[in-house]
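Throughout, read-outs are computed from the coordinates displayed, never taken from laboratory work. As the structure is a prediction and not an experimental result, all values here were calculated from the model. Positions of Cβ are backbone-derived with ideal geometry, glycine not excepted, and every protein chain shown enters the neighbour counts.
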Amino acid sequence: MNEKNEKILMAIGDISDSLIEEAECMRKLPKRKLISAVAAACVILAIGGLWFANRKQSLPMLEVSDYFGDMGYEGIAVYDISEYKNTSPWNEDIDIETLPVFENNWEYDDHGEITGDSDFDREAWKNEIEDRLEELADKADISILGATTIRVSFEEPVFIGEDIPYSPDFEQIQMIAEKLLTDYGWLLGMDEPVVDITGGNHNIYGEKHYSISFYDGAGTFEQQLLNKSFNSVGFGIWEGELTSIVFNRGDFTEKLGDYPIITSCEAEEMIRSGRYVTSVPFDLLGNEEIGKTELIYRSGDWENCFMPYYRFWIRMPDDFHVLTWPEGSIEYGAYYVPAVSNEYIADTDIWDGSFN
Amino acid sequence: MKDSEIIDLYWARDQRALTETDMKYGVYCRTIADNILRNPENAEECVNDTWLNAWRSMPPHKPGILRIFLGRITRNLSLNRLKYLTAEKRSNSQGEIALSELSECVPSPHNVEREFDRRELTRIIEDFLVKQNSIKRIVFVRRYWYMDPINDIADKMGISQSKTASILFRMRKDLKDHLEKEGIEL
């Protein structure tokens, strides 16, 4: 071996995991594009572009939203990314061809009030919850938050159990969740409730917090993902007492269609090439470490439509200091790529790359 | 089995770690070794040595991405073996061919100012790679990290072999310029 060539070869051997991982994503993406283009051209020329063209035309183009609410940026601090918990029916081994996208007919007026012309019957939804609560309804204030969320606040907090600390650890929170399921499973309205413990990251004081909710794990993967993202029931716990229950329900009254979905590998390639939206005030260079990848629906009332996204938790550089996190912790920021195939994403100034 | 569970087995000194690793990442590591050595027996020995090295390094090591951690070990062991095998005679392995291609990246002596250590050299190569578009970057890493043959890269990327070779040729030239600009002496 030539010594100088060898030095370069060995130095290449030490490049970051993210660059090596990215190179695993080569499978099929450009090739598929090529095949699609050739196939589409052949079909269109030969038989008038029946199926492929019609399918594309029948699905409306989607706009990516770069608004994430007014709560600052989405970042978490952990000592190890495994501390961060978020139960999901999705994992990278699941093959997904299409997922549904829904129109969001809700919006906020100038006074911050929710308006819209959706067919979703909010009063009927509230009545359903009142019926489900039975006698608990008499002790609670029931209100509609935003478009389709019902909040049940107890006038007198309901005792759950003794010795529950202010900031329970993961094992303690799992036990609390199991107890809630035993005591209140009857009001969830679910066939196969899944305990969904989210959090585990640290706040600026170094405290760890988790939230407990449940979603229905019955049915297909698609149903489970929609349930996780939209149809959950969350329990508000404060020092051993149940203070509130929040019932979420998705507004699926106007389905735009079932859209082809890209793989997480393909989404990662988009992240690396700067095509993403985020609330984090940091532009990625493309070689950052990805701590965790999730497939989620963004379900905020302000979304243009309800569509799936890949959410990448990306390690922020050591000199990124917007907030002061506990010493030694690592900050990860949330970066989003639409999971819908690119051909259905409208080229706006947010999404053509110029925004980032 | 999940990676974290396999790592736990290593940490518990449970020999099932080796079986599980071979089941999950045997093909991945054998592909890397075979790309470099083009000799199944030598490749197999390097993969077995990879498991042995993994056993020795966990604990104390806890790899972020187990697959890449193992791939790095396999790549290093295979290159070392290649070095040994080619000390006296040339081979036509992808490792040897890739190595000869990289001679085009070696900066000219009169353009250099200081000697860089390996970590610094890696940093500069990474800096070069992140400035490339993703297709070029992937082609480069497939060729010079995974040591994939050019026809395999072309096939998997859906581009022609000549296009792949052309991307690599330009990148080697650009990398040489980049290294010279950084004042590298090898």
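How many Cβ atoms of partner chains, on average, are near each residue of B:138-150 if near means within 10 Å of its Cβ? Taking the mean over all residues of the peptide, I get 4. Kindly provide log₁₀ I(q)/I(0) values, in the same order as q = 0.10, 0.14 Å⁻¹, from the Debye equation applied to equal alpha-carbon scatterers of chain B. With one equal scatterer per Cα and no solvent, log10 I(q)/I(0) is -0.48, -0.90. Sorting A:136, A:323, B:77 from the fewest to the most surrounding beta carbons within 10 angstrom yields A:323, A:136, B:77.
Hey, quick one: spin label on residue A:192, modelled 7 Å out along Cα-Cβ, who in segment A:221-253 has an amide N within reach, i.e. under 15 Å? Zone members listed by number: A:221-228. Which of rounded, prolate or oblate describes segment A:230-312 when judged by the alpha-carbon gyration tensor and an a/c cut-off of 1.5? Oblate shape, in that a/c is at least 1.5 and b/c is the bigger or equal ratio. With a Förster radius of 51 Å applied to the beta-carbon distance between residue B:55 and residue A:109, the computed FRET efficiency rounds to 0.20. Of the residues B:18, B:51, B:64, the one whose Cα sits farthest toward the positive end of the charge dipole of segment B:3-85, with +1 on the Cβ of Lys and Arg and -1 on the Cβ of Asp and Glu, is B:64.
When restricted to Cα atoms, the protein assembly as shown yields an Rg and a Dmax of 27.0, 89 Å, respectively. Within segment B:3-85, all pairs of alpha-carbon atoms sorted by distance into 10 Å bins from zero give the percentages 20, 53, 23, 3. Taken along the Cα-to-beta-carbon direction at a fixed 7 Å, the label points for residue A:94 and residue A:131 span 3.0 nm.
Compared with the dominant principal axis of the Cα atoms in chain B, helix B:134-144 is inclined by about 70°. In units of the rule-of-thumb radius 2.2 N^0.38 Å, segment B:99-185 shows an alpha carbon radius of gyration of 1.12. This model, with +1 at the C-beta of Lys and Arg and -1 at the C-beta of Asp and Glu, gives segment A:121-247 a dipole about its Cα centre of some 480 debye. Rounded to two decimals, the Cα-based Rg/Rh of segment A:115-199, with Kirkwood Rh, is 1.01. Think of the protein assembly as shown as a dipole: +1 on every Lys or Arg Cβ, -1 on every Asp or Glu Cβ, centred on the Cα centre; then among A:248, A:335, A:180, A:335 lies furthest on the positive end. Computed from the C-beta positions of residue A:238 and residue A:124 and an R0 of 45 Å, the FRET efficiency is 0.90 to the nearest 0.05. Normalised by the number of residues in segment B:3-85, the mean separation of alpha-carbon contacts (under 8 Å, six or more apart) gives a relative contact order of 36 percent. The mean sequence distance of close C-alpha pairs (under 8 Å, at least 6 residues apart), as a share of the length of segment B:99-185, puts its relative contact order at 55 percent.
Summarising the label geometry, the points placed 7 Å from Cα in the beta-carbon direction at residue A:144 and residue A:10 lie 7.0 nm from one another. Approximating the spin labels as points 7 Å out from Cα along Cα→Cβ, the residue B:103-to-residue A:342 distance works out to 3.8 nm.
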